[in-house]
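Student: Just dropping this structure here.
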Amino acid sequence: MVLDCSEPTQLAQFYQALLGGAVNQEDRHLDRAQEQVLALGARMLDDGSGGRSWRVYADPAGHPFCLVRH
């Protein structure tokens, strides 16, 4: 994966803390995951209202990503 950003080390640290080296983490509660990504510096773009199983965030550099409940 390649992401263009002005602070690559900080962005790498964000994703390392978020993912712990794993892209697909099973058994994660969406609300707890949201608390974690917001504390790490992400911001919410779409709160998944209407009962959707995903929420959209922006990483600290502004790249969108989703958390999905399985």
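Student: Out of the residues in segment 13-22 that are closer than 14 Å to Leu3 by Cβ and exposed (fewer than 13 other Cβ atoms within 10 Å of the Cβ), state the one that is modelled with the lowest pLDDT.
Tutor: Going through the qualifying residues, I end up with Leu19.
Student: How many residues are farther than 24 Å from Ser6 by Cα and either of a type in the set (Val, Ile, Thr) or modelled with pLDDT of 95 or more (or both) when one looks only at segment 47-70?
Tutor: Residues flagged as farther than 24 Å from Ser6 by Cα and either of a type in the set (Val, Ile, Thr) or modelled with pLDDT of 95 or more (or both) within segment 47-70 amount to 1.
The values are calculated or read from the model by the stated rules, or taken from the named source; none is laboratory data. It should be emphasised that the depicted structure is a prediction, and the values quoted were computed from it without experimental measurement. Here Cβ is always computed from backbone atoms with ideal geometry, including for glycine, and neighbour counts include all displayed protein chains.
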